[in-house]
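Each value in this text was obtained by applying a stated rule to the coordinates, not by laboratory testing. Please read all numbers here as calculations on a predicted model, not as lab measurements. Cβ: placed from backbone, ideal geometry, glycine included. Neighbour counts: every protein chain shown.
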Amino acid sequence: MQAFHTWLITLDFRIWMYLHANWRFEFLDVVMPFIRNQFTWAPLYLFLLVFMPYNFGKHGWIWLIGFLLCFAIGDSVSGSLIKPLIHRIRPCNDPRLADYLHLIVPRSSGWSFPSSHATNHFALGTFSAITLHGRMKWFWPIPIFWALMVGYAQIYVGVHFPLDVFAGSLLGILIGYGVSKLYHRHWSLARPAVMDEVDTID
């Protein structure tokens, strides 16, 4: 077991070295800090706040609650439950990696495993992909790609190891899948809100 742990951490370090220290581009140095910044996506959240209830009525309001629930569960489980148990130091704070660090964002505090950014965005992305698939079958790759980009950005800017992001993504997928199944037990986005209004009139 110890040998496997050593092999896994060594592999994690090597992948981090490649993705963070070696594979660098000026364009990504500019873009990646914005991709992983929570305020970058504020217009998207405001859009959903209007779009979902307008198009799906009460089903849209409940969808927004499920969306927020994914974030709340993901952030609590990853940040408040798992991180204090694992106590893994972030690459930006690891003195062994100081010579290889290319830090382009403020140095993050707190523990590293798992990535809460990856957990939250994969939870939101998975929930969105599954619940909106019935209305827009072409849509599902978009939120998954969004979550992947946020996770990769965390490695690129130097605040997480690949294993942190991988574990966070798996946790987020489980949370998003679970909340989407809970949502589909009672609600659906298969029909627009206007159809519900017609049924009510009939």
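Select, from L8, L68, the only residue that is part of a helix (DSSP H, G or I) and under 20 Å from the mean Cα position of the chain (by Cα).
Unique residue meeting the criteria: L68.
What are the pairs with Cβ atoms under 9 angstrom where one residue, in the stretch 78-105, is over 18 Å from Y18 (Cβ atoms) and in contact (Cβ under 8 Å) with a residue 24 or more places away in the chain and the other, located anywhere, is surrounded by 15 or more Cβ atoms within 10 Å (Cβ to Cβ) and of a type in the set (K, R)? Sequence gap at least six, or different chains.
V105/R36
I'm trying to understand the selection: among the residues of the stretch 32-46, which are more than 23 Å from G60 (Cα to Cα), surrounded by 14 or more Cβ atoms within 10 Å (Cβ to Cβ) and hydrophobic (A, V, I, L, M, F, W, C)?
Passing the criteria: M32, I35.
Under 8 Å between Cβ atoms, at least 6 apart or on separate chains: pull out the pairs that start in the stretch 49-63 with a residue that is within 14 Å of T131 (Cα to Cα) and in contact (Cβ under 8 Å) with a residue 40 or more places away in the chain and end on any residue that is surrounded by 18 or more Cβ atoms within 10 Å (Cβ to Cβ) and among the hydroxyl-bearing types (S, T, Y).
Short answer, once both residue conditions are applied: I62/Y183; W63/T131; W63/Y183.
So that you can scan it fast, the table gives a plain yes or no per residue for (1) of a type in the set (V, I, T); (2) closer than 20 Å to H160 by Cα:
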| position | (1), (2) |
| --- | --- |
| T10 | yes, yes |
| F34 | no, yes |
| N37 | no, yes |
| L44 | no, no |
| M52 | no, no |
| F56 | no, no |
| L64 | no, no |
| S80 | no, yes |
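So for the stretch 42-64 (the condition being under 21 Å from the mean Cα position of the chain (by Cα) and assigned to a loop (DSSP other than H, G, I, E, B)), does at least one residue qualify?
So far as the stretch 42-64 goes, no, none of its residues is under 21 Å from the mean Cα position of the chain (by Cα) and assigned to a loop (DSSP other than H, G, I, E, B).
With the condition being surrounded by fewer than 17 Cβ atoms within 10 Å (Cβ to Cβ), I'd like the helices (runs of 4 or more DSSP H) fully within the stretch 76-180 carrying at least 2 qualifying residues.
83-86, 141-156
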